[in-house]
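Below is one structure; the comments refer to it alone.
The values are calculated or read from the model by the stated rules, or taken from the named source; none is laboratory data. Since the model is a prediction, treat every value here as computed from it, not as a measurement. Cβ placement follows ideal geometry from the backbone for every residue including glycine, while neighbour counts extend to all protein chains displayed. The area values use the complete protein model at the heavy-atom level, side chains included, leaving out ligands, DNA and RNA. Shrake-Rupley method; radii C 1.70, N 1.55, O 1.52, S 1.80 Å.
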Amino acid sequence: AKEQGRAIYQFYLPQMNERAVARLKIETQLRGALARREFVLHYQPKASLTSGEITGFEALLRWQHPAHGLVPPLKFISVLEDTGLIVSVGEWVVRTVCDQLNKWQSQGLVLHPVSVNLSARQFQQQDLDSVIGKTLEMTAIDPHFLEFELTESVLMKEAEAAANALQNLKAFGVKISMDDFGTGYSSLAYLKRFPLDTLKIDRAFIRDVTTDLDDAAIAVAMIKLAHSLGLKVVAEGVETRAQLDFLIENGCDEMQGYYFSQPLPLERASQALIQGYRL
Ligand code: C2E
Ligand code: CA
Ligand code: CA
Ligand code: CA
(Lines give C-alpha, C1' and ligand atoms only; values in the text may rest on other atoms or scores of the structure.)
(Ligands and ions follow the chains in the order given, each with its own letter.)
Protein backbone atom coordinates (compact mmCIF):
# COMPACT_ATOMS: atom_id res chain seq x y z
CA ALA A 1 0.00 0.00 0.00
CA LYS A 2 2.90 2.27 0.84
CA GLU A 3 4.49 1.64 -2.55
CA GLN A 4 1.22 2.36 -4.27
CA GLY A 5 0.75 5.58 -2.31
CA ARG A 6 4.15 6.78 -3.38
CA ALA A 7 3.46 5.87 -6.99
CA ILE A 8 0.24 7.89 -6.92
CA TYR A 9 2.04 10.76 -5.23
CA GLN A 10 4.71 10.81 -7.92
CA PHE A 11 2.08 10.55 -10.62
CA TYR A 12 0.07 13.50 -9.36
CA LEU A 13 2.85 15.82 -8.30
CA PRO A 14 3.88 17.07 -11.75
CA GLN A 15 0.23 17.67 -12.67
CA MET A 16 -0.38 19.64 -9.50
CA ASN A 17 2.73 21.66 -10.20
CA GLU A 18 1.48 22.39 -13.66
CA ARG A 19 -1.81 23.56 -12.26
CA ALA A 20 -0.12 25.70 -9.61
CA VAL A 21 2.12 27.26 -12.25
CA ALA A 22 -0.87 27.97 -14.51
CA ARG A 23 -2.70 29.59 -11.60
CA LEU A 24 0.31 31.69 -10.66
CA LYS A 25 0.48 32.85 -14.26
CA ILE A 26 -3.18 33.89 -14.23
CA GLU A 27 -2.65 35.62 -10.87
CA THR A 28 0.24 37.65 -12.30
CA GLN A 29 -1.85 38.52 -15.35
CA LEU A 30 -4.78 39.60 -13.17
CA ARG A 31 -2.56 41.88 -11.06
CA GLY A 32 -1.34 43.41 -14.31
CA ALA A 33 -4.91 43.74 -15.55
CA LEU A 34 -5.86 45.74 -12.47
CA ALA A 35 -2.78 47.98 -12.79
CA ARG A 36 -3.37 48.51 -16.54
CA ARG A 37 -7.09 49.19 -15.95
CA GLU A 38 -8.21 46.32 -18.17
CA PHE A 39 -11.27 45.50 -16.05
CA VAL A 40 -14.55 46.94 -17.27
CA LEU A 41 -18.13 46.80 -16.06
CA HIS A 42 -21.11 45.83 -18.12
CA TYR A 43 -24.56 46.86 -16.88
CA GLN A 44 -27.55 44.55 -17.19
CA PRO A 45 -30.87 46.38 -16.84
CA LYS A 46 -33.75 45.01 -14.76
CA ALA A 47 -37.37 45.79 -15.64
CA SER A 48 -40.52 46.36 -13.63
CA LEU A 49 -43.14 43.69 -14.34
CA THR A 50 -45.91 46.23 -13.77
CA SER A 51 -44.68 49.25 -15.76
CA GLY A 52 -42.12 47.59 -18.07
CA GLU A 53 -39.62 50.34 -17.28
CA ILE A 54 -35.99 50.00 -16.24
CA THR A 55 -35.76 49.76 -12.46
CA GLY A 56 -32.00 49.35 -12.07
CA PHE A 57 -28.85 47.66 -13.31
CA GLU A 58 -26.52 44.91 -12.14
CA ALA A 59 -22.84 45.75 -12.62
CA LEU A 60 -21.00 42.71 -14.02
CA LEU A 61 -17.22 42.46 -14.24
CA ARG A 62 -15.37 41.66 -17.48
CA TRP A 63 -11.69 41.59 -18.35
CA GLN A 64 -10.90 43.47 -21.56
CA HIS A 65 -7.86 41.37 -22.49
CA PRO A 66 -5.58 42.94 -25.13
CA ALA A 67 -5.23 39.63 -27.01
CA HIS A 68 -8.19 37.46 -25.95
CA GLY A 69 -10.91 40.12 -26.05
CA LEU A 70 -13.67 40.31 -23.48
CA VAL A 71 -13.16 37.60 -20.82
CA PRO A 72 -16.26 36.63 -18.76
CA PRO A 73 -16.01 36.47 -14.94
CA LEU A 74 -16.41 32.71 -14.70
CA LYS A 75 -12.89 32.44 -16.16
CA PHE A 76 -11.19 34.52 -13.47
CA ILE A 77 -13.42 35.34 -10.45
CA SER A 78 -12.34 32.21 -8.57
CA VAL A 79 -8.67 33.15 -9.01
CA LEU A 80 -9.42 36.68 -7.78
CA GLU A 81 -11.13 35.12 -4.75
CA ASP A 82 -8.45 32.53 -3.98
CA THR A 83 -5.63 35.07 -4.21
CA GLY A 84 -7.48 37.80 -2.32
CA LEU A 85 -7.21 40.09 -5.35
CA ILE A 86 -11.02 40.30 -5.28
CA VAL A 87 -10.64 42.78 -2.40
CA SER A 88 -8.85 45.37 -4.59
CA VAL A 89 -10.96 44.59 -7.64
CA GLY A 90 -14.13 44.75 -5.53
CA GLU A 91 -13.16 48.20 -4.25
CA TRP A 92 -12.57 49.29 -7.83
CA VAL A 93 -16.04 48.00 -8.80
CA VAL A 94 -17.80 49.98 -6.05
CA ARG A 95 -15.81 53.13 -6.83
CA THR A 96 -16.52 52.79 -10.57
CA VAL A 97 -20.26 52.31 -10.00
CA CYS A 98 -20.44 55.36 -7.70
CA ASP A 99 -18.52 57.48 -10.23
CA GLN A 100 -20.85 56.28 -12.99
CA LEU A 101 -23.94 57.22 -10.97
CA ASN A 102 -22.50 60.74 -10.67
CA LYS A 103 -21.82 60.89 -14.41
CA TRP A 104 -25.35 59.79 -15.27
CA GLN A 105 -26.71 62.37 -12.86
CA SER A 106 -24.61 65.16 -14.34
CA GLN A 107 -25.91 64.16 -17.79
CA GLY A 108 -29.38 64.83 -16.45
CA LEU A 109 -30.49 61.20 -16.55
CA VAL A 110 -32.97 59.70 -14.12
CA LEU A 111 -30.97 57.48 -11.77
CA HIS A 112 -31.80 53.89 -10.88
CA PRO A 113 -30.11 51.66 -8.30
CA VAL A 114 -27.03 49.76 -9.48
CA SER A 115 -26.16 46.50 -7.76
CA VAL A 116 -22.68 45.16 -7.11
CA ASN A 117 -21.79 41.54 -6.31
CA LEU A 118 -19.83 40.82 -3.12
CA SER A 119 -17.73 37.68 -2.55
CA ALA A 120 -17.27 35.86 0.76
CA ARG A 121 -13.62 36.85 0.68
CA GLN A 122 -14.55 40.53 0.88
CA PHE A 123 -16.22 39.94 4.26
CA GLN A 124 -12.97 38.54 5.67
CA GLN A 125 -11.68 42.09 5.41
CA GLN A 126 -12.22 43.78 8.76
CA ASP A 127 -12.95 47.13 7.16
CA LEU A 128 -15.24 46.24 4.23
CA ASP A 129 -18.00 48.50 5.55
CA SER A 130 -15.70 51.44 6.30
CA VAL A 131 -14.06 51.20 2.85
CA ILE A 132 -17.53 51.34 1.28
CA GLY A 133 -18.52 54.16 3.65
CA LYS A 134 -15.49 56.18 2.54
CA THR A 135 -16.33 55.62 -1.12
CA LEU A 136 -19.88 56.84 -0.48
CA GLU A 137 -18.50 59.91 1.27
CA MET A 138 -15.90 60.67 -1.40
CA THR A 139 -18.27 60.27 -4.34
CA ALA A 140 -21.19 61.84 -2.43
CA ILE A 141 -23.79 59.66 -4.18
CA ASP A 142 -27.19 59.04 -2.63
CA PRO A 143 -26.61 55.60 -0.98
CA HIS A 144 -30.09 54.46 -2.04
CA PHE A 145 -28.71 54.06 -5.55
CA LEU A 146 -26.17 51.46 -4.45
CA GLU A 147 -27.21 47.86 -3.81
CA PHE A 148 -25.11 44.84 -2.83
CA GLU A 149 -25.87 41.30 -3.95
CA LEU A 150 -24.75 38.37 -1.78
CA THR A 151 -25.33 34.67 -2.18
CA GLU A 152 -26.40 32.32 0.59
CA SER A 153 -22.96 30.72 0.51
CA VAL A 154 -21.41 34.10 1.41
CA LEU A 155 -23.74 34.33 4.39
CA MET A 156 -22.97 30.74 5.35
CA LYS A 157 -19.17 31.06 5.09
CA GLU A 158 -18.90 34.44 6.77
CA ALA A 159 -22.03 34.53 8.95
CA GLU A 160 -20.64 36.63 11.82
CA ALA A 161 -18.62 39.04 9.72
CA ALA A 162 -21.48 39.37 7.24
CA ALA A 163 -24.09 40.08 9.92
CA ASN A 164 -21.98 42.94 11.32
CA ALA A 165 -20.91 44.38 7.99
CA LEU A 166 -24.46 44.23 6.61
CA GLN A 167 -25.91 46.09 9.60
CA ASN A 168 -23.35 48.84 9.05
CA LEU A 169 -23.94 48.94 5.30
CA LYS A 170 -27.70 49.19 5.90
CA ALA A 171 -27.07 52.09 8.27
CA PHE A 172 -25.38 53.97 5.39
CA GLY A 173 -28.64 53.59 3.45
CA VAL A 174 -27.54 51.10 0.79
CA LYS A 175 -29.74 48.16 -0.23
CA ILE A 176 -28.99 44.46 0.25
CA SER A 177 -30.12 41.71 -2.08
CA MET A 178 -30.00 37.91 -1.68
CA ASP A 179 -28.61 36.54 -4.96
CA ASP A 180 -29.18 33.09 -6.53
CA PHE A 181 -31.94 32.40 -4.00
CA GLY A 182 -32.81 28.74 -3.57
CA THR A 183 -29.47 27.29 -4.65
CA GLY A 184 -27.77 27.44 -1.22
CA TYR A 185 -28.52 26.07 2.24
CA SER A 186 -30.80 27.20 5.08
CA SER A 187 -32.36 29.84 2.90
CA LEU A 188 -35.16 30.54 5.32
CA ALA A 189 -32.97 31.13 8.37
CA TYR A 190 -30.88 33.64 6.40
CA LEU A 191 -33.96 35.55 5.33
CA LYS A 192 -34.77 36.24 8.96
CA ARG A 193 -31.26 36.86 10.21
CA PHE A 194 -29.96 39.35 7.64
CA PRO A 195 -31.32 42.82 6.80
CA LEU A 196 -32.43 42.16 3.22
CA ASP A 197 -34.41 44.34 0.83
CA THR A 198 -34.60 42.07 -2.20
CA LEU A 199 -34.65 38.41 -3.08
CA LYS A 200 -33.44 37.24 -6.50
CA ILE A 201 -34.86 33.91 -7.63
CA ASP A 202 -32.07 31.93 -9.24
CA ARG A 203 -32.43 31.23 -12.93
CA ALA A 204 -32.37 27.47 -12.26
CA PHE A 205 -36.01 27.81 -11.10
CA ILE A 206 -37.03 30.13 -13.94
CA ARG A 207 -35.69 28.04 -16.82
CA ASP A 208 -38.49 25.42 -16.82
CA VAL A 209 -41.08 27.43 -14.94
CA THR A 210 -43.64 27.12 -17.73
CA THR A 211 -43.19 23.37 -18.28
CA ASP A 212 -42.18 21.90 -14.92
CA LEU A 213 -44.97 21.96 -12.31
CA ASP A 214 -42.50 21.63 -9.42
CA ASP A 215 -40.44 24.61 -10.57
CA ALA A 216 -43.63 26.60 -11.05
CA ALA A 217 -44.79 25.75 -7.51
CA ILE A 218 -41.37 26.67 -6.07
CA ALA A 219 -41.25 29.98 -7.94
CA VAL A 220 -44.75 30.92 -6.77
CA ALA A 221 -43.86 29.97 -3.18
CA MET A 222 -40.69 32.09 -3.33
CA ILE A 223 -42.64 35.11 -4.58
CA LYS A 224 -45.20 34.72 -1.77
CA LEU A 225 -42.49 34.16 0.82
CA ALA A 226 -40.59 37.27 -0.26
CA HIS A 227 -43.72 39.40 -0.19
CA SER A 228 -44.84 38.11 3.19
CA LEU A 229 -41.43 39.16 4.57
CA GLY A 230 -41.77 42.59 2.94
CA LEU A 231 -39.05 41.91 0.35
CA LYS A 232 -39.02 42.84 -3.30
CA VAL A 233 -38.61 39.84 -5.60
CA VAL A 234 -36.62 39.76 -8.86
CA ALA A 235 -36.59 36.80 -11.28
CA GLU A 236 -33.18 36.08 -12.86
CA GLY A 237 -32.46 34.52 -16.24
CA VAL A 238 -35.78 35.34 -17.92
CA GLU A 239 -35.35 34.44 -21.59
CA THR A 240 -38.86 33.94 -23.01
CA ARG A 241 -42.21 35.67 -23.27
CA ALA A 242 -43.86 32.64 -21.62
CA GLN A 243 -41.61 32.92 -18.57
CA LEU A 244 -42.33 36.63 -18.42
CA ASP A 245 -46.10 36.08 -18.58
CA PHE A 246 -45.91 33.47 -15.81
CA LEU A 247 -44.01 35.90 -13.57
CA ILE A 248 -46.41 38.78 -14.24
CA GLU A 249 -49.38 36.52 -13.53
CA ASN A 250 -47.86 35.43 -10.23
CA GLY A 251 -47.03 38.89 -8.94
CA CYS A 252 -43.24 38.91 -9.28
CA ASP A 253 -41.98 42.53 -9.03
CA GLU A 254 -39.05 42.69 -11.45
CA MET A 255 -37.15 40.65 -14.00
CA GLN A 256 -33.62 40.45 -15.33
CA GLY A 257 -32.59 38.35 -18.29
CA TYR A 258 -31.87 38.13 -21.98
CA TYR A 259 -35.56 38.55 -22.87
CA PHE A 260 -35.21 42.18 -21.75
CA SER A 261 -31.50 42.74 -22.26
CA GLN A 262 -28.04 41.22 -22.11
CA PRO A 263 -25.48 42.93 -19.87
CA LEU A 264 -24.55 46.10 -21.83
CA PRO A 265 -21.25 47.94 -22.24
CA LEU A 266 -21.40 51.41 -20.65
CA GLU A 267 -22.24 53.30 -23.84
CA ARG A 268 -25.24 51.11 -24.55
CA ALA A 269 -26.44 51.16 -20.93
CA SER A 270 -26.38 54.98 -21.09
CA GLN A 271 -28.31 54.85 -24.38
CA ALA A 272 -30.93 52.59 -22.78
CA LEU A 273 -31.39 55.23 -20.05
CA ILE A 274 -31.56 58.10 -22.52
CA GLN A 275 -34.04 56.34 -24.79
CA GLY A 276 -36.19 55.07 -21.91
CA TYR A 277 -35.75 51.46 -23.08
CA ARG A 278 -38.61 49.27 -21.80
CA LEU A 279 -40.04 45.76 -21.92
P1 C2E B 1 -24.63 36.46 -10.99
O2 C2E B 1 -24.38 37.45 -9.92
O3 C2E B 1 -25.68 35.43 -10.73
O4 C2E B 1 -24.94 37.31 -12.32
C5 C2E B 1 -25.89 36.93 -13.30
C6 C2E B 1 -25.24 36.18 -14.43
O7 C2E B 1 -26.26 35.65 -15.28
C8 C2E B 1 -24.38 37.08 -15.33
O9 C2E B 1 -23.30 36.32 -15.82
C10 C2E B 1 -25.35 37.41 -16.48
O11 C2E B 1 -24.71 37.76 -17.68
C12 C2E B 1 -26.07 36.09 -16.61
N13 C2E B 1 -27.41 36.24 -17.21
C14 C2E B 1 -28.22 37.32 -17.17
N15 C2E B 1 -29.38 37.09 -17.82
C16 C2E B 1 -29.31 35.81 -18.28
C17 C2E B 1 -30.22 34.99 -19.04
O18 C2E B 1 -31.32 35.37 -19.41
N19 C2E B 1 -29.80 33.71 -19.31
C20 C2E B 1 -28.59 33.25 -18.92
N21 C2E B 1 -28.25 32.01 -19.25
N22 C2E B 1 -27.70 34.01 -18.21
C23 C2E B 1 -28.07 35.27 -17.88
P24 C2E B 1 -21.80 36.87 -15.82
O25 C2E B 1 -21.79 38.33 -16.14
O26 C2E B 1 -21.01 35.94 -16.66
O27 C2E B 1 -21.37 36.73 -14.30
C28 C2E B 1 -21.24 35.46 -13.70
C29 C2E B 1 -21.02 35.56 -12.21
O30 C2E B 1 -19.77 36.19 -11.91
C31 C2E B 1 -22.06 36.42 -11.52
O32 C2E B 1 -23.24 35.67 -11.33
C33 C2E B 1 -21.34 36.73 -10.22
O34 C2E B 1 -21.43 35.65 -9.32
C35 C2E B 1 -19.89 36.84 -10.67
N36 C2E B 1 -19.54 38.27 -10.82
C37 C2E B 1 -19.71 39.10 -11.88
N38 C2E B 1 -19.24 40.34 -11.61
C39 C2E B 1 -18.77 40.29 -10.34
C40 C2E B 1 -18.14 41.26 -9.46
O41 C2E B 1 -17.96 42.46 -9.78
N42 C2E B 1 -17.75 40.83 -8.22
C43 C2E B 1 -17.97 39.54 -7.80
N44 C2E B 1 -17.57 39.20 -6.57
N45 C2E B 1 -18.55 38.60 -8.58
C46 C2E B 1 -18.95 38.99 -9.83
CA1 CA C 1 -25.62 38.87 -8.87
CA1 CA D 1 -27.62 35.70 -9.63
CA1 CA E 1 -24.73 33.06 -9.92
**Study point:** Scan of segment 196-213 for residues that are under 17 Å from the mean Cα position of the chain (by Cα) and more than 13 Å from ligand 3 (Cβ to nearest atom), ordered by number
**Key:** Leu196, Asp197
Exercise for review: Name, by its number, the condition in (1) open to solvent by 20 Å² or more (accessible area, probe 1.4 Å); (2) free of Cβ contacts under 8 Å to residues at least 60 places away in the same chain that does not hold for Ala219.
Suggested key: (1)
Review point. Since Glu149 meets every condition but one in (1) among the acidic types (Asp, Glu); (2) in contact with a Phe, Trp or Tyr (Cβ under 9 Å, 6 or more places away or on another chain); (3) within 25 Å of Gln44 (Cα to Cα), which condition does it not meet?
Key: (2)
Review point. In this structure, is Val97 among the aliphatic types (A, V, I, L, M) and modelled with pLDDT of 95 or more?
Key: yes
Point to revise | Given (1) among the charged types (D, E, K, R); (2) more than 28 Å from His42 (Cβ to Cβ); (3) buried (at least 17 other Cβ atoms within 10 Å of the Cβ), number of the condition Lys192 does not satisfy | key: (3)
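Yes or no: Thr240 more than 16 Å from ligand 4 (Cβ to nearest atom), over 27 Å from Val97 (Cα atoms) and either open to solvent by 80 Å² or more (accessible area, probe 1.4 Å) or without any contact (Cβ under 8 Å) to a residue 24 or more places away in the chain (or both)? Before the answer, list the steps.
Working: more than 16 Å from ligand 4 (Cβ to nearest atom): yes; over 27 Å from Val97 (Cα atoms): yes; either open to solvent by 80 Å² or more (accessible area, probe 1.4 Å) or without any contact (Cβ under 8 Å) to a residue 24 or more places away in the chain (or both): no.
No; evaluated as a whole, the condition is false for this residue.
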Revision key, fill the gap. With the first residue restricted to segment 118-134 and required to be under 18 Å from Leu80 (Cα atoms), and the second required to be outside any helix (DSSP H, G or I) and open to solvent by 10 Å² or more (accessible area, probe 1.4 Å), Cβ contacts under 7 Å at 6 or more apart or on different chains are Ala120/Glu158; Arg121/Gly84; Phe123/Glu158; Gln124/Glu158
Check your understanding: What residue, among those in segment 154-166 that are assigned to a helix (DSSP H, G or I) and open to solvent by less than 50 Å² (accessible area, probe 1.4 Å), is farthest from Thr96 (Cα to Cα)?
Key -> Ala159
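With of a type in the set (Ser, Thr, Tyr), in a helix (DSSP H, G or I) and over 30 Å from Trp104 (Cα atoms) as the only criterion, which of Tyr190, Tyr185 stands out?
Within the list Tyr190, Tyr185, the selection yields Tyr190.
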Review point. Which of the following residues is of a type in the set (Lys, Arg) and touching a strand residue (DSSP E or B) at 6+ places or on another chain (Cβ under 9 Å): Arg62, Arg95, Arg36, Arg121?
Key: Arg62
Check your understanding: How about segment 167-182: which of its residues are closer than 15 Å to Ser115 by Cβ and either of a type in the set (A, V, I, L, M) or assigned to a loop (DSSP other than H, G, I, E, B) (or both)?
Key -> Leu169, Gly173, Val174, Ile176, Met178
Review point. Conditions: (1) free of Cβ contacts under 8 Å to residues at least 60 places away in the same chain; (2) open to solvent by less than 60 Å² (accessible area, probe 1.4 Å); (3) away from ligand 4 (no atom under 16 Å from the Cβ); (4) in contact with a strand residue (DSSP E or B) (Cβ under 6 Å, 6 or more places away or on another chain). Cys252 meets all but one. Number of the miss?
Key: (1)
